[in-house]
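This report refers to the structure that appears directly beneath it.
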Amino acid sequence: MAEETTNGPRHVAVIMDGNGRWAQMRGRPRLFGHHAGARRVREIVEACPALGVKYLTVFAFSTENWKRTQTEVAGLMKLFKRYIIRETQALVNSGVRVRFIGDRIRLEDSLVQLMDDLELATSHNDLVHLTIAINYGGRDEVTRAVRRLAFDVEQGKLSYKDVDAEVLSRYLDTHVLPDPDLVIRTSGEARISNFLLWQSAYAEYEFVDTLWPDFTAAEFGGIVRSYAGRDRRFGAVKV
Ligand code: FPP
């Protein structure tokens with residue numbers, strides 16, 4: 001994969017929506033759509049270096065997704081495990097560094113072990129930083145961060161007077177990542193659904209009708225390129 005520098009987004013976050021509808025339209029179970037969706041992830045990751053996208057963060061399972069049927073939840077957990085096992089070698093070889101965000105406490109030990117192993121196996125890579133959000137919710141992340149921060153205050157490691165946005169950011173799951181520049185959501189829904197709430201304060205949003213399993217690298221590239229022409233002022237006035 002060749003790396004290219006552009007004035008496009010450095011960090012793109014994606015809400016991969018529409019797998020269920022994609023499967024239902026074909027008369028197949030929802031999990032069939034999730035499997036097709038997982039295959040798309042590889043294609044989008046591979047497209048990143050040529051587009052100058054250094055960081056890609058994908059929403060794979062939200063803190064609200066536990067409300068789905070037991071069959072779907074169990075199927076998704078199995079899919080994550082299979083994905084990690086199958087993709088590890090390709091990710092290592094292609095320079096992708098993988099991280100997971102979200103609360104691991106509710107995940108099966110065997111899945112957490114695979115996640116840890118994949119993070120370690122790819123820890124020397126730097127071409128693309130792929131972050132996969134599993135059991136992730138923006139409010140949950142901020143709540144966990146504040147709890148840890150409050151603990152440090154209680155322990156005397158930190159004064160409440162020193163708490164500002166920068167300090168709080170250091171307690172978030174994403175503390176090593178830059179904020180996303182662009183957030184894409186597929187499948188026609190114009191909601192952010194608790195994804196990277198804090199980090200996306202100044203992000204551009206792009207909502208597309210395409211269902212995630214139909215979302216190609218070409219469509220991704222078109223959105224990323226069109227971002228380069230946008231005028232982001234971060235609240236300031238253009239001079
Ligand atoms: C949303 O579609 C999708 C999910 C909740 C799961 C996302 C998972 C994948 C794309 C596959 C795994 C990814 C990795 C990185 C291993 P939906 O089910 O809400 O679709 P619907 O809105 O049509 O019902």
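Tabulated data for the structure shown
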item: Per-selection metrics, segment 1-84 (Cα): Rg and Dmax in Å; result: 14.9, 44
item: Segment 127-151 and segment 154-215: distance between their alpha carbon centers, rounded to Å; result: 9
item: Kirkwood hydrodynamic radius (C-alpha pairs) into Stokes-Einstein, the chain, 10 °C and 1.306 mPa s, D in µm²/s; result: 84
item: Accessible carbon and sulfur surface of the chain relative to its total accessible area, %, 1.4 Å; result: 51
item: Cα convex hull volume per residue for segment 52-140 (Å³); result: 94
item: Amide H contacts under 5 Å for V14, placed H, 5+ residues apart; result: T57, V58, F59, I184
item: Rounded accessible area per residue of segment 90-239, 1.4 Å, Å²; result: 53
item: Other-chain or far-sequence residues with amide H under 5 Å of R99's (modelled H); result: L130, T131, I132
item: Computed E for D117/Y160 - FRET, C-beta separation, R0 35 angstrom, nearest 0.05; result: 0.35
item: Pairs of Cα atoms farther than 14 Å apart, segment 98-137, %; result: 46
item: Over the chain, relative contact order from alpha-carbon pairs under 8 Å, at least 6 apart, %; result: 28
item: Computed label-point distance, nm, for sites D152 and Y202 using a 7 Å Cα→Cβ extension; result: 2.2
item: The chain: most fluctuating residue of E166, E87, E141 per GNM, C-alpha cutoff 10 Å; result: E166
item: Segment 58-130 - charge dipole about Cα centre, Lys and Arg +1 at Cβ, Asp and Glu -1, debye rounded to 20; result: 220
item: Gaussian network model of the chain, springs between alpha carbon atoms under 10 Å - residue of H11, H129, H175 with greatest fluctuation; result: H175
item: Magnitude of the charge dipole, the chain, Cβ model with Lys/Arg +1 and Asp/Glu -1, debye to 20; result: 540
item: Calculated diffusion of segment 98-239, Stokes-Einstein form, Kirkwood radius summed over Cα pairs, 25 °C and 0.890 mPa s, µm²/s; result: 139
item: Most mobile of L211, L182, L120 in a GNM of the chain (Cα contacts under 10 Å); result: L120
item: Viscosity 1.567 mPa s, 4 °C: Kirkwood-radius Stokes-Einstein D of segment 164-239 over Cα pairs, µm²/s; result: 90
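The values are calculated or read from the model by the stated rules, or taken from the named source; none is laboratory data. Being a predicted model, the structure only gives us computed values, none of them experimental. Virtual Cβ from ideal backbone geometry, glycine too; neighbours counted across all protein chains shown. Remember, those area values only see protein heavy atoms, side chains included, never the ligands or the DNA or RNA. Shrake-Rupley method; radii C 1.70, N 1.55, O 1.52, S 1.80 Å.
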